[in-house]
Amino acid sequence: MKVKPKDVMVNLPVALLFDEPWEIASFAANINTILHGKVRLKAEELGTLGGRHVGLFYLQRNNESQEIHDEFMRLIEEEEVAGRALAPLSDDDEDK
């Protein structure tokens, strides 16, 4: 089956969640197989959020992709800080 690029509609940039980090590169590669010409989807793994891997996909860096990047990095950082704050006490900590 042939797919013409003008028939494929995408809304980029976008951040998506994946169960495994390798799925980010695989997703980008799959999209790139249907794109023609010099345009290539770029992917960046931002970290984990809620136990899932965050992938940022874009064609070129611009203000919108940077805003999405910054917002997810903020969310990831907040989750990491909250996770450290709620870490269970060890037996040594309870004795103090």
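Here, each number is a calculation from the coordinates, and none is a lab measurement. Remember, predicted model here, so these are calculated numbers, not experimental data. Cβ placement follows ideal geometry from the backbone for every residue including glycine, while neighbour counts extend to all protein chains displayed.
Placing unit charges on the Cβ atoms of the charged side chains and taking the dipole of segment 34-85 about its Cα centre, the candidate lying farthest along the positive direction among Met73, Val39, Asn62 is Val39.
Backbone phi angles across segment 43-55, fed through the Karplus curve with coefficients 6.51, -1.76 and 1.60 (θ = phi - 60°), yield HN-Hα couplings of 10, 9, 8, 8, x, 10, 9, x, x, 10, 8, 9, x Hz in residue order; Gly and Pro are listed as x. Counting charges near Ile24 (Lys, Arg +1; Asp, Glu -1) among other residues having Cβ under 13 Å from its Cβ returns a value of -3.
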